[in-house]
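What follows is calculated from the coordinates using simple rules that are stated; it is not laboratory data. Just so you know, these numbers come straight off a predicted model, no measurement behind them. Methodologically, a virtual Cβ is constructed for each residue, glycine included, from the backbone with ideal geometry; neighbour enumeration extends over all protein chains shown.
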Amino acid sequence: MPPPDPTDADLASDLVVHAARLVRAVRRELELPAGIRVISLLDEHGALGVTQLAAADRCSQPTMSALVSQLVERGWVTKAPNPDDARGSVVALTDAGGAELAVVRRRHGERIAALVADHPALTTEDLATAVAVLRGVLEKGNPS
């Protein structure tokens with residue numbers, strides 16, 4: 001007896017698992033600089049406080065403070081007093097940070113494109129479909 005067809009929930013679960021594994025594999029292979037996740041979060045959400053960044057990255061506030069200090073030294077972010085709360089600060093992406101993020105994203109894209117090109121059963125159209133599915137889910141559900 002053949003196995004039952006997978007449900008939408010089964011397929012969606014597989015999508016999440018494989019997308020996460022792909023991202024981790026490419027990150028490991030490319031040996032990305034520390035802090036890329038943080039500048040990506042700033043690119044997605046705009047300027048944030050250190051506490052907000054820590055929550056978004058699911059790390060402690062002291063860990064995020066140390067990361068932000070490193071990113072300030074690299075010139076990828078700025079850290080300024082929060083005009084709404086004198087106890088906090090606001091971290092913002094700089095042009096240099098945006099440029100670094102663009103380089104990393106391009107490297108990711110080149111690696112994924114090479115994997116698709118090297119796969120005997122995958123096409124550019126398959127890649128376009130995968131992008132359309134992920135983009136559509138993110139735009140509709142906005143899980144950030």
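List of remarks:
- Net +/- balance of residues flanking residue 65 in space, Cβ distance below 14 Å, scoring K and R +1, D and E -1: 0
- Here the convex hull built on the C-alpha positions of segment 25-144 has a volume of 122 cubic angstrom per residue.
- For segment 109-126 and segment 1-28, distance of Cα centres in Å: 17 Å
- Taking the helices alone, the chain has a mean residue ellipticity at 222 nm of -22500 deg cm²/dmol, built from -39,500 (n - 2.57) per DSSP H run of at least 4 residues and averaged over all its residues.
- Additional length obtainable on full extension of the chain from residue 30 to residue 61, 0.36 nm per residue less Cα span: 8.4 nm
- Signed unit charges on C-beta, dipole axis of segment 34-141, positive-most listed residue 62, 82, 128: 62
- Segment 1-61: trypsin sites (Lys or Arg not before Pro) in DSSP loop, at most 11 other beta carbons within 10 Å: 58
- Relative to the longest principal axis of the Cα atoms of the chain, helix 124-141 runs at roughly 50 degrees.
- Dipole magnitude of segment 34-141, debye to nearest 20 (Cβ charges: Lys/Arg +1, Asp/Glu -1, about Cα centre): 200 debye
- For the pair residue 112 and residue 134 in one chain, pulling the backbone fully straight at 0.36 nm per residue adds 6.4 nm over the alpha carbon distance.
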